[in-house]
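K.L.:
I have a structure I would like to understand better, so I am pasting it below and will then ask my questions one at a time.
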Amino acid sequence: MTPEQIALVQSSFARLGPELPTLATRFYQELFGRDPALRALFTTDLAVQKVRFAEKLTEIVRAMPRLGELLGHTRALGARHAGYGVRAVDYRTVGDALLAALAAVLGDTFDAPTREAWAIAYNLMAETMLEGAASARPIGSQ
Amino acid sequence: MAITLPRWPLVGRRAELEIFEKALCSGEHMGLLLHGPAGVGKTRLADECREWAAASGHPTEHVTGSQTTALLPLGAIVALLAAGLGQPGPDGQVNTVALFEETRRALHQRHHGRRVVTVADDVALLDAASLALLGYLAAQGTIFLIATVRTGDPAPDLLTGLWRDGRMERVDLEDLSRTQLDTLLHLALGGPIEAGAGREFWEVTMGNPLYVHELVLGALGSGALVERSGVWHLEDRRPATSRLLDLVGQRIGGLSAEARSVVELLALCQPLELGYLETAAPFGVLESLERAGLVTIAVADGEVRLAHPLHGEVIRAAMPRLRARAILLAEAERLETSYPAHGPAALRIAVWRLDAGGRPDPAVLVRGAYLARDAQDFRLVRRLIEAVPDEQLDAAEALLLGEALYELGVFEDAERVLALGQGLPSSEHVALRLAVTRSKNANWGLCQPETALAINAEARAIVTDQPLVEQLVAEEASILMFSGHPDRALAVLERITGHDQRTRVVRAIVGAVALAATGRTADAMTAAEAGFADHTALGDELAIAHPATHIINQVFALTEAGRLAEAERLARAGAEIVASHRVPIAQIWFAANLGRVATLQGRVATARRYYAEAAGLAQVNRFGGPRRLALSGLALAHALLGETDAAAQELAERTTVPAFGFLGPEQQLADAWTAIVSRRPRDAAQRFRSAAAQAASTGHRITESWLLHDLMRTSGEDTSARLRELAETCDSPLVAARARHAMAARARDARALSDAAGDFEALGAMLLAAEAASGAAEAFSRAGDRRAATAALRRASALGAACEGAVTPGLVREAAVPLSGREREIAMLAAEGMTSKDIAERLYLSVRTVDNHLQHAYAKLGVSNRAELARVLGNGT
């Protein structure tokens, strides 16, 4: 990522402010709309899930400029998701849902450069989460 | 004691890793095929798979194909061999099946039955024996194979076959997207990069991961890529080279002398033990090479290798030959002093000595040659045995080399080597195989049947063991059959008394063709079917023809019996099978037989295509005899199409191929028909007569009928008496139809000619049917039966339309349609759908006149309404 892209991600995220819960709601709508089967992977109450999503996203965006710190969050998160049965292909669906939710909530201010910055940021998150998932995945028997 | 460094990140490959995990754990797959361009990350992904497997308790191995390791069978996969090439058996042979099984058992024991996850890098460069062993171990569940194939290299048939059968997974890797590249840079550098530098990396590498790896590590090493206040900048904006190989070359070129020695050693002899390299190189050198991403050190077994196969290629290409030689010989000596002579190390030593252009242990070469032979890799057999000094060759080794030379189409050398082998002491079994191979080479390779018969007779005088003698007798019959003597071949086959299965198979191969050619097509079919059953039941290593030969013989017998549609169906099915198995000689015979069937069917353009295919394949694979046959067929097809120059050209081409007796009389159809289209009818007739006489004297009864019938067709000469005799001695309806046609033509009997057309049409011989119908029309016309004549003409035209543009003298011509100018004009308009009234208006005639002309045209053409008229005129009458 470029420093400008990191700044774009952080400033656009800050603009959400009180709309953060709306983003979370919209994200899960977009996600289950794209792949209803993913719903089965969430065993917690969705309201609780939305709060956790908002907290994690906030932590990750804040850590974005410092890779070491970012990795601390994403690897652990990825390892946990592997336990839920999330696979590599699901990460693409999640990314699409996140970008769509951001576009819906941010409206016109979600312009092309902002969108690109988020796409790259998400790819970085996803790759490092997957790395964490790989090292934590239960080993299959023979 | 591995040096720990942050690893180069893996980006965009997680889904592929999951495919591997699933394939490994499901138990349904034997392996994974990784396909993609150079530098896309196949090796890296394979390593990740291997690490994951190791972490989950699987033993792992890594082998790499290269031009060097392919110097000796199994040279690439020494790591998997428990006991080198095994102990030689009697006659110095290596029992491949036993060696494979021994290897499987040893791996099974060593790893307590756990599947060994084995990475095979660049499998396209593996020798055939290595591939076969890997395939065997994977099929047995002893290993899980991860094979990489570079785009543009041929993926081995064995692996693509397994993949098609769903027994292997396949992943096609692509270069990274821009987003993935940004992630990779971010993770590799540990922080953000300045926008211009990021764009530069994208524009130069276009997402090729190895390229990115080389460029980033190179720029870090040279100080061009620097961090300032947490952001990476590219200081030196010299345009980076756009060629990956150049870039790798620059990186290697910048190494210190000590580091260079290490990578050179690895490029030639990898993998090497970490312990050894640490003593061989000054402290810190290995660590710096690992940090530079040039070498990898496996944690599990402490083996060091170059990080990427491309590094090895670049280093080897830049290394002076003498330096490489010195390194290889020094390593060979080091290994020789520290390892037992017969273990896997012997194989590595031999590979290095071969690579150095030196002389390895002949025993290893010979054992390698046997393995290569079992894997049908005759080029390798030749290279290995030719590295053994001549005076050290024994009879069995001369046989091995002679056979390889024969298979490679180097017939003169094969003759020399096999003759040399016959002069050496040997067992009777080896003596027999030397004789059989040498006579086969003389007959099929050198096209000298007399020499072949002499070699065979000489061997029969020496060999005493009865089953071996019978094999020689069967071989004698084979030489006679395929040098143009079916009658003598049948007589020789009578001498075989034994009932051993192998002899029965050889007898069936020769017998089926001989029986068919002499007119016993039903017996031929039975023989071919029984031969196929015996042959597939044999299933051992024997070096006789491919089992498909029996199918080819059935096609031949069906053709001779005039069962053309069945012959065509069977041949097409067979051709498809042997094409997928890549058996060139069988492909040639199927194509040639399809050409033959098409010729008889009158589908002359199709015949031209099949014969051209057969001739091309025969040329590529250096089968002189079959090529001559195919060129004859090709010239015949051209002649039947009226392509005079092309026919003459193929005949000229044919003179460059040695004479070939098999179906000799039939080959002369080409000469006769070329004379016909060149307007030399007397030469043609002369050629038909002499070829028929040759056919008669050698027992080619069905060919004789073909030749005599063609003589009748083209010159009107009465050959009916002999054709009738042939019809009585052959069981072929085609021969019978020819005889009836000739008799009807002689009697100018219109009805009988019509019947002959019906006979040919029923057999699917459309050109002959068209000619007979045309003859019938002429006879009807002569007898004054205009209406019947017109009907016959129309039939002749319809039949001729199936003949793909054939232009034989017996075919109907456009001018033969007996319409007057006005009749034709009116008929054409009516056929277009105009009413009589419209036609009358257009031509300024009365409707009544138009109708009169139309009625005449209907009568002449033998039709009764406009629809039929349209069809007849549409057919070009």
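K.L.:
If a residue must be within 14 Å of chain A (Cβ to nearest Cβ), open to solvent by 40 Å² or more (accessible area, probe 1.4 Å) and in contact (Cβ under 8 Å) with a residue 12 or more places away in the chain, how many such residues does the stretch B:3-15 contain?
P.N.:
1
K.L.:
Sticking with this structure for a sec: Restricting the stretch B:101-141 to residues that are polar (S, T, N, Q) and within 15 Å of residue B:78 (Cβ to Cβ), which is surrounded by the fewest Cβ atoms within 10 Å (Cβ to Cβ)? Quick ask: steps written out before the conclusion?
P.N.:
Going residue by residue through the stretch B:101-141, those that are polar (S, T, N, Q) are B:103, B:109, B:118, B:130, B:140.
Now drop any that are not within 15 Å of residue B:78 (Cβ to Cβ), which leaves B:103, B:118, B:130.
Values: B:103: 21, B:118: 28, B:130: 28.
So, considering only residues that are polar (S, T, N, Q) and within 15 Å of residue B:78 (Cβ to Cβ), the one surrounded by the fewest Cβ atoms within 10 Å (Cβ to Cβ) is B:103.
K.L.:
Does residue A:103 satisfy being out of contact with any Cys (no Cβ under 9 Å at 6 or more places or on another chain), at pLDDT 95 or above, more than 11 Å from chain B (Cβ to nearest Cβ) and in a helix (DSSP H, G or I)? Break it down stepwise before answering.
P.N.:
On the way: out of contact with any Cys (no Cβ under 9 Å at 6 or more places or on another chain): yes; at pLDDT 95 or above: yes; more than 11 Å from chain B (Cβ to nearest Cβ): yes; in a helix (DSSP H, G or I): yes.
Yes.
K.L.:
Do you know which of the residues in the stretch B:46-74 that are more than 18 Å from residue B:148 (Cα to Cα) and in contact with a Leu (Cβ under 7 Å, 6 or more places away or on another chain) is farthest from the other protein chains (Cβ to nearest Cβ)? First the steps, then the outcome.
P.N.:
If we filter the stretch B:46-74 for residues that are more than 18 Å from residue B:148 (Cα to Cα), which is where we start, we get B:54-59, B:71-73.
Restricting the remaining residues to those that are in contact with a Leu (Cβ under 7 Å, 6 or more places away or on another chain) gives B:71-73.
Values: B:71: 36, B:72: 34, B:73: 31 Å.
Among them, the one singled out is B:71.
K.L.:
For the stretch B:200-209, indicate whether the set of residues that are facing chain A (nearest Cβ under 10 Å), among the acidic types (Asp, Glu) and part of a helix (DSSP H, G or I) is non-empty. Break it down stepwise before answering.
P.N.:
First, the residues of the stretch B:200-209 that are facing chain A (nearest Cβ under 10 Å): none.
Within the stretch B:200-209, none of the residues are facing chain A (nearest Cβ under 10 Å), among the acidic types (Asp, Glu) and part of a helix (DSSP H, G or I).
K.L.:
Next up: When you go through B:386, B:303 one by one, which is the residue that is open to solvent by 60 Å² or more (accessible area, probe 1.4 Å) and either at negative phi or touching a Cys at 6+ places or on another chain (Cβ under 9 Å) (or both)? Don't jump to the end; show me each part of the working.
P.N.:
Numbers: B:303 fails: open to solvent by 60 Å² or more (accessible area, probe 1.4 Å).
Matching residue, one of B:386, B:303: B:386.
K.L.:
Confirm whether residue A:129 is of a type in the set (A, V, I, L, M), within 13 Å of chain B (Cβ to nearest Cβ) and under 26 Å from residue B:19 (Cα atoms). So that I can check it myself, show each step before the final result.
P.N.:
Numbers: of a type in the set (A, V, I, L, M): yes; within 13 Å of chain B (Cβ to nearest Cβ): yes; under 26 Å from residue B:19 (Cα atoms): yes.
So residue A:129 passes the test.
K.L.:
Can you tell me which of (1) part of a helix (DSSP H, G or I); (2) closer than 27 Å to residue B:56 by Cα; (3) more than 9 Å from every other protein chain (Cβ to nearest Cβ); (4) out of contact with any Lys or Arg (no Cβ under 6 Å at 6 or more places or on another chain) is the one residue A:134 doesn't meet?
P.N.:
Unmet condition: (3).
K.L.:
Further question: From the set of residues in the stretch B:245-270 that are of a type outside the set (S, T, N, Q) and part of a loop (DSSP other than H, G, I, E, B), which is nearest to residue B:348 (Cα to Cα)?
P.N.:
First pass over the stretch B:245-270, keeping only residues of a type outside the set (S, T, N, Q): B:245-249, B:251-255, B:257-260, B:262-269.
Imposing the further condition that a residue be part of a loop (DSSP other than H, G, I, E, B) reduces the set to B:254-255.
Details: B:254: 30, B:255: 28 Å.
Checked the stretch B:245-270; the qualifying residue nearest to residue B:348 (Cα to Cα) is B:255.
K.L.:
Name every residue in the stretch B:622-656 that is more than 22 Å from the chain's Cα centre (by Cα) and of a type in the set (A, V, I, L, M, F, W, C), in order of residue number. Let's see the steps before the verdict.
P.N.:
Residues of the stretch B:622-656 that are more than 22 Å from the chain's Cα centre (by Cα), as a first pass: B:632, B:635-656.
Within the stretch B:622-656, B:635, B:636, B:637, B:639, B:640, B:641, B:646, B:647, B:648, B:651, B:652 qualify.
K.L.:
Can I ask one more? With the condition kept exactly as written, say whether any residue in the stretch B:676-691 is within 23 Å of residue B:509 (Cα to Cα) and buried (at least 20 other Cβ atoms within 10 Å of the Cβ).
P.N.:
Taking the stretch B:676-691 first, the residues within 23 Å of residue B:509 (Cα to Cα) are none.
No.
K.L.:
Quick one: which of A:82, A:76, A:63 is more than 14 Å from every other protein chain (Cβ to nearest Cβ) and open to solvent by less than 60 Å² (accessible area, probe 1.4 Å)?
P.N.:
Numbers: A:82 fails: more than 14 Å from every other protein chain (Cβ to nearest Cβ); A:63 fails: more than 14 Å from every other protein chain (Cβ to nearest Cβ).
Being more than 14 Å from every other protein chain (Cβ to nearest Cβ) and open to solvent by less than 60 Å² (accessible area, probe 1.4 Å) holds for just one of A:82, A:76, A:63, which is A:76.
K.L.:
Here's a follow-up. Taking the conditions exactly as written (open to solvent by less than 30 Å² (accessible area, probe 1.4 Å) and more than 14 Å from every other protein chain (Cβ to nearest Cβ)), does residue A:71 satisfy them or not? Before you say what the answer is, go through the steps one by one.
P.N.:
Numbers: open to solvent by less than 30 Å² (accessible area, probe 1.4 Å): yes; more than 14 Å from every other protein chain (Cβ to nearest Cβ): no.
No, not satisfied.
K.L.:
Say we look at the stretch B:471-527 and pick out the residues that are among the β-branched types (Val, Ile, Thr) and not in a helix (DSSP H, G or I); which of these is farthest from residue B:705 (Cα to Cα)? I'd like the intermediate steps shown before the answer.
P.N.:
Here is the first cut: in the stretch B:471-527, the residues among the β-branched types (Val, Ile, Thr) are B:473, B:479, B:492, B:496-497, B:503, B:505-506, B:509-510, B:513, B:518, B:521, B:526.
From what's left, not in a helix (DSSP H, G or I): B:496-497, B:518.
Working: B:496: 30, B:497: 33, B:518: 11 Å.
In this case the residue turns out to be B:497.
K.L.:
Of everything in the stretch B:314-331, what is free of Cβ contacts under 8 Å to residues at least 40 places away in the same chain and not small (Gly, Ala, Ser)? Give them in sequence order. If you could, list the steps in order and put the result at the bottom.
P.N.:
Within the stretch B:314-331, the first condition is being free of Cβ contacts under 8 Å to residues at least 40 places away in the same chain, and the residues that meet it are B:317, B:320-322, B:325-326, B:329-330.
Listed by number, the residues that qualify are B:320, B:321, B:322, B:325, B:329.
K.L.:
Between B:518, B:503, B:549, which is more than 30 Å from residue B:434 (Cβ to Cβ), buried (at least 17 other Cβ atoms within 10 Å of the Cβ) and in contact (Cβ under 8 Å) with a residue 12 or more places away in the chain?
P.N.:
Working: B:503 fails: more than 30 Å from residue B:434 (Cβ to Cβ); B:549 fails: more than 30 Å from residue B:434 (Cβ to Cβ).
Within the list B:518, B:503, B:549, the selection yields B:518.
K.L.:
Next question, about the same structure. Quick check on residue A:100: is it surrounded by fewer than 18 Cβ atoms within 10 Å (Cβ to Cβ) and under 17 Å from residue A:6 (Cα atoms)? First the steps, then the outcome.
P.N.:
Details: surrounded by fewer than 18 Cβ atoms within 10 Å (Cβ to Cβ): yes; under 17 Å from residue A:6 (Cα atoms): no.
Here the answer is no, as residue A:100 does not meet what is asked.
K.L.:
May I pose another question? Need the failing condition index for residue B:29 against (1) crowded, with 20+ Cβ neighbours inside 10 Å; (2) at the interface with another protein chain (Cβ under 9 Å from one of its Cβ atoms); (3) outside any helix (DSSP H, G or I), just the number.
P.N.:
Failed condition: (2).
K.L.:
Which one is surrounded by the fewest Cβ atoms within 10 Å (Cβ to Cβ), of the residues in the stretch B:723-750 that are touching a residue at least 24 places away in the same chain (Cβ under 8 Å) and charged (D, E, K, R)?
P.N.:
Filtering the stretch B:723-750 down to residues touching a residue at least 24 places away in the same chain (Cβ under 8 Å) leaves B:726, B:729-735, B:737-739, B:741-742, B:744-746, B:748-750.
Checking which are charged (D, E, K, R) leaves us with B:731, B:738, B:746, B:748-749.
Details: B:731: 16, B:738: 31, B:746: 16, B:748: 14, B:749: 17.
If we take residues in the stretch B:723-750 being touching a residue at least 24 places away in the same chain (Cβ under 8 Å) and charged (D, E, K, R), then B:748 is surrounded by the fewest Cβ atoms within 10 Å (Cβ to Cβ).
K.L.:
A further question on this structure: Can you pull out every residue in the stretch B:202-230 that is surrounded by fewer than 16 Cβ atoms within 10 Å (Cβ to Cβ) and in contact (Cβ under 8 Å) with a residue 12 or more places away in the chain? Reasoning before the result, please.
P.N.:
Initially, the stretch B:202-230 is screened for residues surrounded by fewer than 16 Cβ atoms within 10 Å (Cβ to Cβ), giving B:203, B:206, B:222-223, B:226-230.
Matches in the stretch B:202-230: B:206, B:222, B:223, B:227, B:230.
K.L.:
Quickly run through the stretch B:172-196 and pick out the residues that are crowded, with 19+ Cβ neighbours inside 10 Å and more than 9 Å from chain A (Cβ to nearest Cβ).
P.N.:
Result: B:173, B:175, B:176, B:181, B:188.
K.L.:
Moving on to the next point. Could you pull out every one of the helices (runs of 4 or more DSSP H) wholly within the stretch B:591-658 that has 1 or more residues that are aliphatic (A, V, I, L, M) and surrounded by fewer than 24 Cβ atoms within 10 Å (Cβ to Cβ)?
P.N.:
Details: elements: B:604-620, B:624-640, B:644-654.
Hits in the stretch B:591-658: B:604-620, B:644-654.
The values are calculated or read from the model by the stated rules, or taken from the named source; none is laboratory data. The structure displayed is predicted, hence computed values, not measured ones. Reconstructed Cβ throughout: ideal geometry from the backbone, glycine too, with neighbour counts over all protein chains shown. For accessibility, only protein heavy atoms count, side chains too; no ligands or nucleic acids. Shrake-Rupley method; radii C 1.70, N 1.55, O 1.52, S 1.80 Å.
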